Amino acid sequence: MISPGNQARFQKIVVIGWDGADWRLLGPWIAAGKLPTLARLVAEGAHGNLRSTIRPESSVAWASFSTGVNPGKHGIFGFANRVQANSYETPLTNASSVRAIRFWDVLGRDRYKTGLLNIPYTYPPSPVNGYLVGGMLTPSAESDFTFPSALKKELIEEFGGYTTDVTGPQDDKAHLVENVRSFTTQQTSMALYLLRNKPWDFFNVVFVGPDRLQHFLWADTDTTHPQHDRSTHFSTELLAHYQDLDSALSLILQDLPADTLVLLISDHGFNGCSRKFFVNHWLHSKGLLALTYTSEIWTKATNLLNLLHRVPFLRAIRRKMGNSVPKLSDLRSTAFVNAIDWNHTKVFFGMDGGLRINLRGREPQGIVSPGSEYEALRHQLRQELESLVDQFTGQRVVSSAIFREEIYDGPYVELAPDIVIEPHREQPDFTHNYILDGSLRSSLTPIFDSSAPYSGNHAPNGILCAWGPGVRVGAMIEGAKIIDIAPTILGAMGCIVPSQMDGQVLDIFTPPISTQKSAEEFNTQNENSQIYSEKEADLVQQRLRDLGYL
Ligand SMILES: [Zn+2]
């Protein structure tokens, strides 16, 4: 193996992602002996929290995982994202929107064989030195979701079909549990098949089930949740899922050579929540955002089109209508843009999860002057958000309102919202934790409401567990961040870390691994985003909508 510059400490690395896993859930289950494989990894390895990105969303966090950089350098601020600074449109993002080099490209350059299975933001697939099976946001099994493309046929033949993600309306809990179970079974068998049948030096699989279940089943699982219903049939389903993942972990470990480094990670943590904050309705109530006379019509049109996609009987009608039906993803973005009276709007909450000032010279119909008016408005909004109280609970809603340049740096900061809002996520009383919602459903929608059917929301601290020869046994890892994983993988395999990576090699090895960063920046890829086809965009949009992300 050619490893420029440094001595490779590991010839083999496996990274397993449990999307949304949190030690607060896992800790008590480990202590109760319910997750024996994870318990072994914790006892024999190093573990601790893994700090997510701001915001702690799967889109932003997995992009930072694979690039080792902050969002200002990869350009992903949400599932729907601005791709030009001077537009109100926020198209769906995918792998081609990630504008920084991925660590597996560096591994490949150094001739390591990489196997990537179901990592979010790997669709559409780009060439790797090894193979890649697209992850979350892969539209359907009809899409070309693998590299090399022939792998798709092999997998479909071997497994008698292929499911790309957990699909279907996710607030139907019985369906959700069943879909997660079957998808996890497919992922586990496929991981084992690939590990056994394809050459690899680095292998990575991400299980998305925890995130999917925790959004809807937190109240069923946690008796302290204000929405907990003692008659629920789903109180043990989340634990059962983690036990499935624990068994999968055990099967994967059995297959690995003895000198493999294993990293188990999550992209963010999770916590109970029970309230929702409709940010645009708050802006509307303050006279900072104005709606057009046609906003209700646009809203109804979007809802109608939504029905055409969701209800099987109506879906058949839609198919017959063919191209005369507008694209759902376009209409949703268009509906948002058309529902707002831009000439009387100073600020809006966008689909990328933050406040955007309607700035003159930048936005298509901007009315706020750059300079002192912009700055005064940002300070006013920060102050008002941070002191905003939900009358129903008597509690503060927002933990912090952050100016983008305070947390992001890099060439794509201009695509970020002007103010990133972090709601309370970590209050022990879940009635005080909030989900942000940007919908413009009707002028009668309240500013605050129950978050049901969502009873769990993302939290800033994910998990990290490192296990293998040379990992500090029993060590408690402090201060690790998700952007540290890419440089840590590269450092452990003796590769040079690109200078633009913001993360550091983690202090989890004995002796420690010290790695120099390259003097020059590695070429950034994907300057041109490939958008989804119409059908693909509709499928992905519907899935994100089912999850409550749009
Ligand atoms: Zn996630």
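The values are calculated or read from the model by the stated rules, or taken from the named source; none is laboratory data. The structure displayed is predicted, hence computed values, not measured ones. When we count neighbours, we look across all protein chains shown, and the Cβ atoms used for this are built from the backbone with ideal geometry, even at glycine.
Every residue, every condition in (1) within 16 Å of the chain's Cα centre (by Cα); (2) within 14 Å of the ligand (Cβ to nearest atom); (3) buried (at least 24 other Cβ atoms within 10 Å of the Cβ); (4) of a type in the set (A, V, I, L, M, F, W, C), yes or no:
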| residue | (1), (2), (3), (4) |
| --- | --- |
| TRP23 | no, no, no, yes |
| ARG40 | no, no, no, no |
| ALA43 | no, no, no, yes |
| GLY68 | yes, no, yes, no |
| PHE77 | yes, no, yes, yes |
| ASN81 | yes, no, yes, no |
| ALA85 | no, no, no, yes |
| SER96 | yes, no, no, no |
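Which residues, counting only those in the range 443-482, are within 16 Å of the ligand (Cβ to nearest atom) and either without any contact (Cβ under 8 Å) to a residue 60 or more places away in the chain or of a type in the set (Ser, Thr, Tyr) (or both)?
Answer for the range 443-482, where residues must be within 16 Å of the ligand (Cβ to nearest atom) and either without any contact (Cβ under 8 Å) to a residue 60 or more places away in the chain or of a type in the set (Ser, Thr, Tyr) (or both): just TYR454.
Out of ILE477, ILE489, ILE483, report the one residue that is out of contact with any strand residue (DSSP E or B) (no Cβ under 8 Å at 6 or more places or on another chain) and modelled with pLDDT of 95 or more.
Result: ILE483 is the single residue among ILE477, ILE489, ILE483 that is out of contact with any strand residue (DSSP E or B) (no Cβ under 8 Å at 6 or more places or on another chain) and modelled with pLDDT of 95 or more.
Select from the range 476-494 the residues that are surrounded by fewer than 24 Cβ atoms within 10 Å (Cβ to Cβ) and small (Gly, Ala, Ser) and write down the one among them that is nearest to ALA61 (Cα to Cα).
GLY479
Within the set of pairs 6 or more residues apart or between chains, which connect a residue that is free of Cβ contacts under 8 Å to residues at least 24 places away in the same chain inside the range 140-161 to a residue that is exposed (fewer than 13 other Cβ atoms within 10 Å of the Cβ) with Cβ atoms less than 8 Å apart?
Final answer for the pair search is ALA141/GLY161; PHE147/PRO127; LYS152/ASP144.
Considering only the range 107-125, how many residues are under 16 Å from LEU195 (Cα atoms) and among the basic types (Lys, Arg)?
Going through the range 107-125 one residue at a time, the tally reaches 1.
Only residues in the range 199-227 that are under 12 Å from CYS273 (Cβ atoms) and of a type in the set (S, T, N, Q) count as the first member; pair them with residues that are more than 16 Å from the ligand (Cβ to nearest atom) and outside any loop (DSSP other than H, G, I, E, B), Cβ under 8 angstrom, at least 6 apart or cross-chain, and list the lot.
Pairs that qualify, where the first residue is under 12 Å from CYS273 (Cβ atoms) and of a type in the set (S, T, N, Q) and the partner is more than 16 Å from the ligand (Cβ to nearest atom) and outside any loop (DSSP other than H, G, I, E, B), are GLN227/ALA219; GLN227/SER450.
Go through the range 395-428 and give me each residue that's of a type in the set (D, E, K, R) and buried (at least 18 other Cβ atoms within 10 Å of the Cβ).
Hits for the range 395-428 are ARG404, ASP418, GLU422, ARG425.
Give me a count of the residues in the range 252-267 that are more than 16 Å from the ligand (Cβ to nearest atom) and either outside any loop (DSSP other than H, G, I, E, B) or touching a Gly at 6+ places or on another chain (Cβ under 6 Å) (or both).
Going through the range 252-267 one residue at a time, the tally reaches 7.
Restricting attention to the range 112-123, does a residue exist that is under 23 Å from GLY491 (Cα atoms) and in a helix (DSSP H, G or I)?
no
Being in contact with a Leu (Cβ under 6 Å, 6 or more places away or on another chain) and away from the ligand (no atom under 16 Å from the Cβ) is the filter here; which residues of the range 204-236 pass it?
THR221, PHE234
Looking at the structure I just gave you, is VAL166 within 16 Å of the ligand (Cβ to nearest atom), part of a helix (DSSP H, G or I) and in the same structural domain as GLY494 (by TED's automatic domain parsing)?
The answer is no for VAL166.
Just a yes or no: is a residue in the range 47-64 among the small types (Gly, Ala, Ser) and away from the ligand (no atom under 16 Å from the Cβ)?
yes
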